[in-house]
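First up is the structure itself, then whatever we jot down about it.
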Amino acid sequence: MFPLVEFPEVVQHYAPFFKGVFSAEAFIEFERYISGLIVSENKTVDGINRLFVIESRNQSSLNRLLTASPFYLETLNQARLNVLTSLPGTQMKPKGVFSMDDTLLTHYGQDFEQIAKLFDPVSESYVWAHDVVTLHYSDELTDYPVLFRLWKPVDVEKLEQGLRTAGIPLKASKEAWKMTDPRKWRSYLLGVWQRRQKSHPEILELYDSKLVIAQDMLQQWVEAHPDWKLPVTFDNWYTQPAFCRFLDQTLGLPYVGTLSGEDKVNLRTGQEMLQDFAKRLKQQHLEALRHSGKLIFHQVTIPYKGEQEQYYSYCNTHRLQSFGKQRLVINYRQADLSDHPAFFISNRLVWQAAGITRIRRHRWPVEVYHEEGKAEGLDQYQLRDFEAIERHVALVAVVYSLLRAAQHDSDLHELLQRQLKVKLDGSVASWRRVTQAQALWCLGLFINTGLAQGQTLHAVMTPLIQAMCHS
């Protein structure tokens with residue numbers, strides 16, 4: 001990590017979009033914070049504050065940006081989207097796709113507001129973490145988060161009281177869990193809450209689950225953009241009957257969901273698990289290959305991020321247990337069907353395998369965003385206050401979006417190429433390195449200017465060395 005002598009060019013270039021979001025003082029802290037998130041390896045408030053050697057300020061100024069500055073997350077997010085809308089390469093396009101996913105922001109210890117012990121599928125263990133739910137946009141040229149929200153653990157006392165007020169009976173035999181096993185008691189109440197939503201819709205307001213957050217964000221988008229009907233894709237966890245019905249019947253959106261091999265399809269011969277159905281279709285297909293018969297799986301080619309990808313697909317309309325009539329796609333990557341099949345469903349019954357597979361393929365960028373976002377500091381906060389953590393997450397989304405915008409901004413390209421004499425392309429991570437290189441260039445100019453003005457090397461370097469030693 002090296003000190004900053006001025007804001008990186010990418011920050012200066014896009015900062016005017018955000019000027020109306022903040023007060024004059026907070027705007028400077030905003031520029032400092034996002035500069036630090038891009039350039040610094042230490043994403044904490046203290047680490048970012050120590051980067052600036054020419055305009056040294058107390059760390060409390062940056063803290064106030066996150067804890068006390070009077071700005072609204074909604075206004076900040078709209079300014080971020082305005083940056084992306086200003087460039088043809090990052091504007092939303094008719095063939096764009098929304099995806100829904102969440103990721104854990106893991107921390108050690110529980111001294112953070114609204115933190116919870118959550119199961120981490122990567123480590124296959126329970127960890128202390130916050131959980132951020134993201135509505136992400138992707139097309140052939142770009143991708144970025146559209147809306148996001150931090151999930152909060154359920155308030156068990158509020159949930160219990162709300163269920164009783166709604167006249168929903170709770171089993172007396174379970175109440176001992178309140179004292180003996182609070183986790184079981186919470187799970188029991190959540191189960192009751194989930195099962196009784198259809199008969200008692202008023203209880204939905206008692207708790208914002210991740211599915212409720214996902215529904216709220218999609219509804220917010222549709223109400224603000226009624227003419228856009230982009231498809232939504234999601235993994236197996238979000239592919240739940242109630243969520244799919246909400247997308248189809250309430251919002252009128254097309255979707256592509258993901259099923260597991262243990263989900264069931266209703267056939268004339270009875271119910272069958274998808275993994276067994278796929279195995280039987282595979283056998284019929286291989287038999288047809290040997291005898292020049294009618295093939296079950298057909299090769300399809302889809303475009304994805306400038307490449308062409310091939311799949312071997314079965315596509316037909318079936319009734320799926322709990323989902324009703326759906327377009328079902330079963331995909332293999334290998335021509336001999338030797339790999340594991342993937343199962344997708346859609347509420348658009350006339351869509352074909354290639355279109356459904358293309359849409360589902362655009363779920364992957366949200367995973368990349370969560371990983372690259374963590375490289376930009378998504379989970380590297382030491383803030384305890386929940387509102388401050390929300391602001392930090394929103395500012396990381398700003399950084400990611402600015403680096404995405406930079407990839408398609410010819411004016412910025414020309415300026416940086418004149419300075420750095422390097423080819424500018426690649427991923428968000430690559431653009432972060434370019435921004436770091438440009439900051440290094442500015443540091444070199446700063447040293448050169450000081451020497452040209454007659455300062456000694458020691459005089460020029462002393463504040464820089466002190467900054468690096470303290471950081």
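The values are calculated or read from the model by the stated rules, or taken from the named source; none is laboratory data. Predicted model, so just to flag it, every value in this text is computed and none were measured. Please note: Cβ atoms are built from the backbone with ideal geometry, for glycine as well, and neighbour counts cover all protein chains shown. The accessibility values were calculated without ligands, DNA or RNA, using every heavy atom of the protein model including side chains. Shrake-Rupley method; radii C 1.70, N 1.55, O 1.52, S 1.80 Å.
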| note | At R0 = 60 Å the Cβ-Cβ FRET efficiency linking Leu445 and Ala68, nearest 0.05, sits at 0.95
| note | Amide H neighbours of Phe52 at under 5 Å, excluding residues fewer than 5 places away on the same chain, with H built from the backbone geometry, are Leu4
| Any idea what angle helix 182-195 forms with the longest principal axis of the chain, computed on alpha-carbon atoms, 0 to 90 degrees, nearest 10? | 60 degrees
| note | Descending packing, highest mean Cβ count within 10 Å first, for 165-174, 402-411 is 402-411, 165-174
| Given a Förster distance of 45 angstrom, what is the FRET efficiency for Leu295 paired with Lys93, based on the Cβ-Cβ distance and rounded to 0.05? | 0.85
| remark: Excluding residues fewer than 8 positions from Lys43 in its own chain, the lysines with Cα under 25 Å of it are Lys19, Lys117, Lys152, Lys374
| Cα centroids of the stretch 260-318 and the stretch 391-437: how far apart, whole angstrom? | 42 Å
| note | FRET efficiency for Arg433 and Glu371 from the Cβ-Cβ distance with R0 = 25 Å, rounded to 0.05, comes out at 0.95
| query | Around Gly167, with a cut-off of 12 angstrom between Cβ atoms, what is the net charge of the other residues, counting Lys and Arg +1 and Asp and Glu -1? | reply | +1
| message | Using amide H atoms built in the peptide plane, which far-off residues or other-chain residues are under 5 Å from Leu295 H to H? | response | none
| field | Estimated inter-spin distance, Gln161 and Arg384, nm [label 7 Å along Cα→Cβ] | value | 2.6 nm
| message | On C-alpha positions alone, give me the angle between the axis of helix 410-420 and the longest principal axis of the chain, in degrees, nearest 10. | response | 50 degrees
| message | Tell me the per residue accessible area of the stretch 87-235 using a 1.4 Å probe; a whole number in Å² is fine. | response | 52 Å²
| field | Length gained when the stretch Lys279-Ala24 is fully extended (0.36 nm per residue, less Cα-Cα span) | value | 85.4 nm
| query | Once both labels are modelled 7 Å past Cα along the beta-carbon direction, what's the Ser410-Gln334 spacing in nm? | reply | 4.7 nm
| Once percent of Cα pairs over 36 Å apart is worked out from the coordinates, which option in (i) 35; (ii) 41; (iii) 25 does it equal? | (ii)
| note | Carbon/sulfur accessible area of the stretch 20-72, % of total, 1.4 Å probe, equals 50 percent
| trypsin sites (Lys or Arg not before Pro) within the stretch 1-78, DSSP loop, no more than 13 other Cβ atoms inside 10 Å | Arg57
| query | DSSP loop trypsin sites (Lys or Arg not before Pro) in the stretch 255-298 with at most 14 other Cβ atoms within 10 Å of their Cβ, which ones? | reply | Arg268, Lys294
| task | For the stretch 205-348, give the percent of accessible area contributed by carbon and sulfur heavy atoms, probe 1.4 Å, rounded to a whole number. | result | 45 percent
| task | Can you list which of the trypsin sites (Lys or Arg not before Pro) found in the stretch 188-258 are DSSP loop residues with at most 10 other C-beta atoms within 10 Å? | result | Lys198
